[in-house]
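Colleague: Please see the structure below; I have some questions.
The values are calculated or read from the model by the stated rules, or taken from the named source; none is laboratory data. Here the structure is a predicted model, which is why all the values come from computation and not from measurement. Using ideal geometry, Cβ is built from the backbone for each residue, glycine included, and neighbour counts are taken over all protein chains shown.
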Amino acid sequence: MRFFSTVSIVCTAALAAFSVAVPVAEESKVVARQSTTSIAAIFSTAFTEIAPLAQSLLYLNSDNATQATITPIISQISAPLNNALTSVNGLKSQGVSQNELLLSEDGSEILSVGALAALIAADLILLFKAIGVVLAIVGADLLAILIPLLYAVGILVYKILFVVLGLVAGLLFALTPLLGSIVGVLDTLGLTVLLLLLAL
Ligand SMILES: *[C@@H]1O[C@H](CO)[C@@H](O)[C@H](O)[C@H]1NC(C)=O
């Protein structure tokens, strides 16, 4: 008897919380589509531009691994990252809800924190694997020129993640285990701040 009444109290409380939560989530979606965007949408916008650039770096060879080829690609990668930084700062200053922050790219569903972490990790791995190819293929003279530029890209990523990790509870915990493969590149670039931020 006692057990059942406890269960039913818990269930009633849970249902009450649920019935309140649903309309809030629905409302948030509408607001999100009108006035703001989500973290997934911001990353997707940036990495739609970055992915083909990263691909071209992944397939650099000794013929085209030159300063003339690589330098413009690095600045083309920086532009969408700067836009993403502006966008995540916008999310922060608007104080949007967790549900809005976690909306999928098209706003049709609320992602789990784990799903958002997987999406962010895939983008980061693509970018830093490509940078890793650059570090591996160019000679010492060109490396000395490129490292500060690539470090600056890493700092942009740091600034974006600093905001994003502060917005979504549990995201760091989900993200850290996914990023082991880029530790070496971050280390080579001297991106200690990013390694620390990501608990790597
Ligand atoms: C370098 O050449 C390879 C092979 O043609 C190509 O796949 C890659 O995209 C080129 N990269 C750049 C940055 O031009």
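Colleague: List the number of the failed condition for GLY107; all other conditions in (1) of a type in the set (Gly, Ala, Ser); (2) assigned to a helix (DSSP H, G or I); (3) touching a Lys or Arg at 6+ places or on another chain (Cβ under 7 Å) hold.
Modeller: The failed condition is (2).
Colleague: Working only within the stretch 57-72, note down all residues that are closer than 22 Å to TYR158 by Cα and surrounded by fewer than 17 Cβ atoms within 10 Å (Cβ to Cβ).
Modeller: Of everything in the stretch 57-72, those that are closer than 22 Å to TYR158 by Cα and surrounded by fewer than 17 Cβ atoms within 10 Å (Cβ to Cβ) turn out to be LEU58, THR71, PRO72.
Colleague: Moving to a separate point now. Hey, among VAL88, VAL138, which residue is in contact with a helix residue (DSSP H, G or I) (Cβ under 8 Å, 6 or more places away or on another chain), more than 20 Å from LEU156 (Cα to Cα) and either at pLDDT 95 or above or of a type in the set (Gly, Ala, Ser) (or both)?
Modeller: Only one candidate qualifies: VAL138.
Colleague: Name the one entry in LEU124, LEU102 that is surrounded by 19 or more Cβ atoms within 10 Å (Cβ to Cβ) and within 17 Å of LEU156 (Cα to Cα).
Modeller: Criteria check complete, one pass: LEU124.
Colleague: Any chance the stretch 82-94 includes a residue that's loosely packed, with under 13 Cβ neighbours inside 10 Å, more than 14 Å from the chain's Cα centre (by Cα) and more than 16 Å from the ligand (Cβ to nearest atom)?
Modeller: yes
Colleague: Another question, if that's okay. Residues being near the ligand (Cβ under 10 Å from one of its atoms) and either closer than 22 Å to VAL164 by Cα or surrounded by fewer than 14 Cβ atoms within 10 Å (Cβ to Cβ) (or both): count how many of those fall in the stretch 39-53.
Modeller: Looking only at the stretch 39-53, we keep the residues that are near the ligand (Cβ under 10 Å from one of its atoms), and these are 52-53.
From what's left, either closer than 22 Å to VAL164 by Cα or surrounded by fewer than 14 Cβ atoms within 10 Å (Cβ to Cβ) (or both): 52.
Number of matching residues: 1.
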